[in-house]
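Engineer: Sharing a structure here in structure tokens format.
Computed from the coordinates by the stated procedures, all read-outs in this text should not be read as laboratory data. As the structure is a prediction and not an experimental result, all values here were calculated from the model. Positions of Cβ are generated from backbone atoms using ideal geometry, with glycine treated the same way; all protein chains shown enter the neighbour counts.
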Amino acid sequence: MPKVIVDGIEVELAAGERINGIQAAQRAGVEIPHYCWHAGLTVVASCRMCLVEAGTRNPDTGDVTMVPKLVPACQTPATPNTVFITNSEKVSNARAMVEEDLLIDHPIDCPICDKAGECNLQDYHFKYGQDQRRADIRPFTSRKREMGDTVTLFVDRCVMCTRCVRFTREISGTSELFVINRGSHEEIDVFPGYPLENRMSGNVVDLCPVGALGDKDFLYKQRVWFMRKHDGVCTGCSTGCSISVEENQDTVYRLKPRENPHINQWWMCDEGRYGYHHVHSDRRLTDVQRRDGVNWTLIEWSQVVREIDERFRNVGRVAVVLSPHLTVEEAYLLGKYAREVDPQAQVVLGPVPVEGTDETFKNGFTIHAEKAPNRRGVEEVVTHFMGQVATLDNLLISLASSEPTAVWVSGGYKSNWIDAAAADQIASAAACLVVHDTFDSPLTEKATYRLPDGTFAEREGSYVNFNDRLQSVPWAIRPPAGVRVAGSVYWELLGEVGLYKSRRVLDEVAERIVFFAAAAEPVGPLGVDLKTPVLEATPTA
Amino acid sequence: MAVLTEEMIAAIKDYFPRYPTRQAVTLPALHIVNERLRYVPLEAVVEIAQLLELAPAQVQDTLSFYGYFKQDKPHGETRAWVCRSIACALRDGEQVLEHMCHAAGIHPGETTKDNKLTIEFAECLGACEYAPCMLAGDVLHKNLTNESAEAFVKQTCSGHGGNGQAGSTH
Amino acid sequence: MPFEPVLLANINKPESYTLRVYEAGGGYQGLRKVLKEKTPAEFIEVVKSSNLRGRGGAGFPTGLKWSFLPKDHPGPVYMCINADESEPGTFNNRILMELDPHQVIEGIILSCYATKAVTAYLYIRVEYPTCYQRLQQAIDECYAAGLLGKNIAGSDFSLDIYLHRGAAAYICGEETGLIESLEGKRAWPRIKPPFPAVEGVFRKPTVVNNIETVCCVTQIAARGVEWFKSIGVPSDPNNPRDPGSYGPKLYCLSGHVNKPGCYEAPLGITCRQLIDEYGGGIWKGRKAKAAIPGGISMGLFTEAEFDTPLDFAGPGKVGCLGLGTAAVVVLDETVSMVDFLHNSCRFFAHESCGQCTPCREGTHWSLTMLERIKAGKGRLKDLDLLLEIGDTIGIIPGTTICGLSDGAAWPIKNAIRKFRPEFEEYIKRTNPTGYMVTEAVNALPVVALH
């Protein structure tokens, strides 16, 4: 195996693999600090923070020849027998120099900076900087400049890494950001009248290694060290970006993309990023209610599940509508319950919201028009029970001619998803109508039982994106008082005891439904591709 | 209202065949506009960007890198660059610049009220054998003295010809 | 002595910039001969064997540079001519372009023939309007006379030359900064590799040559390698890698001398010879104190070092960066080194492209310190800080992409190391109560900084 040596630690390279010094060091467990380099952007090697010593080892004699000058690790390919030294005095002096340089005109306003606590400038200075300021102290300025609706620039905090500029040129392809002026007068700017307004704009905040680009949605809301991160999947569209849900005490403060080379790389779109506010909307349903004539009666969760179960069994005929916002496990459980009560139960896919058309960016990142995270997963569950993808329209047709039927409609939609006419149609055909949703809709008004459901941040389970990649994520926050997330309700309906565990359900799904076979193995943070493994698993003999 | 005239647009388009990319015409286009308007207003940047199939930000990025193109308002009818680099500084170039600015009643980088003259400092003009020197429009003014500089200011601002000359010229 | 000028042979003739006068003096004969008798590869060998080294500042062997072009590239190959002569003290390119543009163009055609380039961009600084006009006239004359365009002088070789004006930025003289600027971007030098010969302007193989270099090519074509190698300083026999310093060189002399000007002399004359024999000695009967050996980037000679030969190896032996552009600026005994260094630091702070942190902030910080020292708020500690900056920024220690900050560093290092007592005396005299302060101090308020 070809090897690279970082501080004496040997790192193996795969054949033909092209990585740089920073990446090779990461594998050796060595951090090489850097600002301008980002794996998703072109290499500019301008911040000079990643300076290291480099050389080559003669594979025959083992002799090492070093380059006399420092080289940027980001620009130096880790080819076989490359030697990197990152812990010499020369290297630490260079790091201290760059840190000192970057702070010459930096306002050092960490107390009011959103980035404090996750700032490379802070962290690197703490680790590699000097403990004294030697530079002439200028009167600090702390200027703000609006980049667009989503992002504010704190001009003087910038270290001119130009990641944000490269992002708009190389990834979004919209080129709104640019560097103005020259030398130490340089700043990031937008052209007057042409603000940063592409649908991926929030990513520049993630890319900013310091506190220069602030996310207006998050600005001054929470100190980052109070937040906990939970793996999540963006439920904004069928791309299914891997994200982190960041919360403190059950309040979500922001969503961030989580690196996933199979789906979103390092990015997510603004719709997804800022599409969490409904989680804390005061219009959310929180009461469990039963219609008694024209009045609603508040009842307890402990009572309502058994009551509904009894009524469903009494009616005998059952239909369930599986929302594309449900997880695979939830969809499966509800379908399973329906078939348990009524072996001919109708299991159909709920409406899939579509807005506009797909938008693909310069680097290939696509925002899908399909605004639900799990159509593919639910479709496969529906197919499992019905033999084909049955939809709400199919159900309405069959309800018109069938015996009285009890209908359970699952929701989880971010906003109103059904119009009054369709709601009327369902309500008039249903002998008993249960609507389990997050917000009031024309349908909840006509329901027999109105149950409050959780949002994506409260669900645990798996989603299958447009490309048949399944990701399993835990819940990030506890639901508000009164709300029960679909999975745990179905769990109880099926008579299971104890806490709802989505993984146990997924095991059953993977065993019963071939499409999900690949999910039988533990699903890692990057998810699992449901297409290829099945083909590979097909016996060839 | 378009800032670029048909003539300017044609002049810019003349440069297209010279380069394999449109972006390479950025500097020629900026010069074309600057020669005619004595500045490159933001509206012109937008129009140039359209011609070159770029975002205005990309043109502005390039433009602002060079200290050459003014954007707020046109420079004076004569733009005088007085060298302040070492060879001229050794022969009192900076004092001449100061004297000249005093005579014109402006600071370096400013334009006289009558819009006749803009005085700026320049880094080495590459005429060190004639230090201290000044480039006014296309004319190189050599071996400046306080007197010749003052005479130049008077001549330029009194309206007799935009490229009034002081000192020896070639 | 005296040396018979070759590169400058034409400039004193009336209308020296016209094709008529140039051809009357034997111009374009070398080109016609090469086009007829030599293949491009053969002509590269000619230039290689002449040991011609680039005159732009780095002194890289020209023929070798050409031979780095990939052999089997489908093309096109581009030639960029660097006429962004911005190094303080330097004006030889201006004289060549203004007074002998056809010598330049002949050299460009020859260089393009050798490298099989079919388009040459001549990047000329905006501060040279007369050169721009003269060159454009000369190019127009050449097209009319069949010396440019299709089938030059009846050969199979075709070439277009386009002038491209800069916009006042020193960094465009760095070859990859020039390439970026030519492409319409901010002139931030590129990281290497890839080198321009492999991937240059418009992502194609590119050669960047200086004006004086291509004029030397013209003369080599006309007069031969023997002639060229009969001038200058031969290679060091103890150093097989030394290509020597052959050929005539244009020395720019300015500052405190009686007769400033551009003088052609064999490579290797000493600084003192240049000042005394060509420049008529120091002005006003004064003594010299120091001199810049080759543009301000190269550092400083003290008067005692004036006997250093001005060849590619000489200045390095006394702690200067190199020969650079061979532009000698003389400082007489009245010059304050604080003023000199302030001027130098101001230049580099103004011209740093701002890409690499150490250069952007280092040049800016050193200017801040010099402004403060000049204003009577200096500390002895500042000198050590300045030296630390000088020793750590640049392509030589590896902390920057291009050599601009080496140029910023050398004046700092040479001035303070060679004239430290003067700096210390100045600081103590102007800041008697504060010169020993060691903690950080306030910078002066910013007043009219551009």
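Engineer: For the range A:49-153, what's the radius of gyration and Dmax over Cα atoms, in angstrom?
Structural biologist: 18.7, 60
Engineer: Under the definition of Cα pairs under 8 Å and six or more residues apart, what whole-number percent is the relative contact order of chain C?
Structural biologist: About 14 percent, as a whole number.
Engineer: Can you order the peptides C:145-155, A:70-80 by their average number of other Cβ atoms within 10 Å per residue, highest first?
Structural biologist: Highest-to-lowest ranking by the protection proxy: A:70-80, C:145-155.
Engineer: Shifting gears a bit: Hey, got the average number of other protein chain Cβ atoms within 10 angstrom for residues in A:172-179?
Structural biologist: What the average comes to for A:172-179 is 5.
Engineer: Using the Karplus equation 6.51 cos²θ - 1.76 cosθ + 1.60 (θ = phi - 60°), what ³J(HN,Hα) coupling, rounded to whole Hz, does each residue of the range A:336-353 give in order, writing x for Gly and Pro?
Structural biologist: 5, 4, 4, 6, 5, 6, 9, x, 9, 4, 7, 10, 10, 7, x, x, 9, x
Engineer: Work out the mean other chain Cβ neighbour count within 10 Å for the residues of C:128-138 and drop it here as an integer.
Structural biologist: For peptide C:128-138, the averaged partner shielding equals 2.
Engineer: Moving to a separate point now. After finding the eigenvalues of the alpha carbon gyration tensor for the range C:49-200, what semi-axes result from the square roots of 5 times each, listed largest first in whole Å?
Structural biologist: Ellipsoid half-lengths, sorted descending, are 22, 21, 15 Å.
Engineer: Now for a separate question. Please compute the contact order of chain A in relative form: average sequence separation of alpha-carbon pairs under 8 Å and at least six residues apart, divided by the residue count, as a percent.
Structural biologist: Rounded, it is 11 percent for chain A.
Engineer: If you consider only alpha-carbon coordinates, what radius of gyration and Dmax does the range A:421-541 have, in Å?
Structural biologist: Calculated on Cα positions, Rg and Dmax stand at 17.8, 57 Å.
Engineer: Could you name the lysines in cross-link range of residue C:413, using Cα to Cα under 26 Å and dropping any fewer than eight places away on the same chain?
Structural biologist: List returned: A:69, A:90, C:287, C:289, C:317, C:374, C:377, C:381, C:428.
Engineer: Send over the semi-axes of the range A:355-497's equivalent ellipsoid, whole angstrom and largest first, taken as the square roots of 5 times the C-alpha gyration tensor eigenvalues.
Structural biologist: After diagonalising the Cα gyration tensor, the semi-axes are 27, 21, 17 Å.
Engineer: May I ask you to derive the relative contact order of chain B, considering only C-alpha pairs under 8 Å and at least 6 residues apart, and to give it as an integer percent?
Structural biologist: It comes to 17 percent, rounded to a whole number.
Engineer: While we're looking at this one, here's another question. What residue among C:354, C:285, C:324 has the largest mean-square fluctuation in a Gaussian network model of chain C, using Cα springs under 10 Å?
Structural biologist: C:285
Engineer: Turning to a different aspect of this structure: Please list, in order along the range A:154-162, the HN-Hα scalar couplings obtained from phi with the Karplus expression 6.51 cos²θ - 1.76 cosθ + 1.60 (θ = phi - 60°), rounded to whole Hz, x for Gly and Pro.
Structural biologist: Along the range A:154-162, the couplings run 9, 3, 7, 7, 5, 9, 6, 7, 6 Hz.
Engineer: Can I ask one more? Tell me which residues come under 5 Å, amide H to amide H, from residue B:136 once H is placed; ignore anything under 5 positions away on its chain.
Structural biologist: For residue B:136, the qualifying residues are B:81, B:141.
Engineer: Shifting gears a bit: Just how many % of Cα pairs in chain A lie over 44 Å apart, if you round to the nearest whole percent?
Structural biologist: 29
Engineer: Next question. Roughly how compact is the range C:278-370, stated as its Cα Rg over 2.2 N^0.38 Å to two decimals?
Structural biologist: So the range C:278-370 has a normalised radius of gyration of 1.18.
Engineer: Same structure again: Hey, how many Å between the Cα centroid of the range C:10-34 and the Cα centroid of the range C:101-173?
Structural biologist: Cα centroid of the range C:10-34 versus Cα centroid of the range C:101-173: 15 Å apart.
Engineer: Right, something else. Search the structure for amide H atoms under 5 Å from the amide H of residue C:270, placed 1.01 Å from N in the peptide plane, and list their residues when 5 or more places away or on another chain.
Structural biologist: C:310
Engineer: Per the Cauchy relation, a quarter of the hull surface: what is the mean projected area of the convex hull of the alpha carbons in the range A:268-385, in nm²?
Structural biologist: 10.3
Engineer: Another question about this same structure. Over 27 Å between C-alpha atoms is what I'm after, so list which of B:142/C:249; C:150/C:192; B:13/B:73 land there.
Structural biologist: C:150/C:192
Engineer: Kirkwood Rh over Cα pairs of the range C:27-117 into Stokes-Einstein at 25 °C, 0.890 mPa s: D in µm²/s?
Structural biologist: D, rounded to a whole number, is 171 µm²/s.
Engineer: Sticking with this structure for a sec: For peptide B:116-125, compute the average count of partner chain beta-carbon atoms within 10 Å of each residue's beta-carbon.
Structural biologist: Taking all residues of B:116-125 together, the mean is 4.
Engineer: Using the Karplus equation 6.51 cos²θ - 1.76 cosθ + 1.60 (θ = phi - 60°), what ³J(HN,Hα) coupling, rounded to whole Hz, does each residue of the range C:361-366 give in order, writing x for Gly and Pro?
Structural biologist: 7, x, 5, 6, 5, 5
Engineer: Taking the Cα-to-Cβ direction at residue A:79 and at residue C:45 and moving 7 Å from each Cα, how far apart do the two end points lie in nm?
Structural biologist: It is 3.0 nm.
Engineer: Pull up all non-local amide H partners of residue C:78: gap of 5 or more, or a different chain, and H-to-H distance under 5 Å with H placed in the peptide plane.
Structural biologist: Placed amide hydrogens put C:206, C:207 under 5 Å from residue C:78.
Engineer: At 222 nm, what helix-only mean residue ellipticity would chain B give, in deg cm²/dmol to the nearest 500, using -39500 (n - 2.57) for each DSSP H run of four or more?
Structural biologist: -12500 deg cm²/dmol
Engineer: While we're looking at this one, here's another question. I'd like the distance separating the alpha-carbon centroids of the range A:448-472 and the range A:304-359, in whole Å.
Structural biologist: Rounded to whole Å, the Cα centres lie 13 Å apart.
Engineer: Turning to a different aspect of this structure: Provide the FRET efficiency to the nearest 0.05 for the residue A:354-residue B:7 pair, computing r from the beta carbons and using R0 = 51 Å.
Structural biologist: It comes out at approximately 0.55.
Engineer: If I model a spin label at residue B:147 and residue A:400 as a point 7 Å from the Cα along the Cα→Cβ vector, what separation in nanometres do I get?
Structural biologist: With each label placed 7 Å out from Cα toward Cβ, I get 10.7 nm.
Engineer: Hey, which lysines would be in cross-link range of residue A:256, C-alpha to C-alpha under 29 Å, not counting anything within fewer than 8 residues on its own chain?
Structural biologist: Counting by Cα, and skipping residues close in sequence, residue A:256 has these lysines nearby: A:115, A:127, A:144, A:216, A:221, A:229, A:362, A:371, A:414, A:501, A:531.
Engineer: I'd like the distance separating the alpha-carbon centroids of the range C:194-225 and the range B:44-91, in whole Å.
Structural biologist: Answer, in whole Å: 29.
Engineer: Right, something else. Using helices alone, I'd like the mean residue ellipticity at 222 nm for chain C: each DSSP H run of four-plus residues gives -39500 (n - 2.57), total over residue count, nearest 500.
Structural biologist: Result for chain C: -11500 deg cm²/dmol, rounded to the nearest 500.
Engineer: Also, quick follow-up: How big, on average over all directions, is the shadow cast by the Cα convex hull of chain C, in nm²?
Structural biologist: So the Cα hull casts an average projection of 21.9 nm².
Engineer: Next question, about the same structure. Which of these, B:21, B:112, B:78, has the largest mean-square fluctuation under a Gaussian network model of chain B (Cα springs below 10 Å)?
Structural biologist: B:21
Engineer: Taking only the Cα atoms of the protein assembly as shown, how large is their convex hull per residue, in Å³?
Structural biologist: Per residue, the Cα convex hull of the protein assembly as shown comes to 225 Å³.
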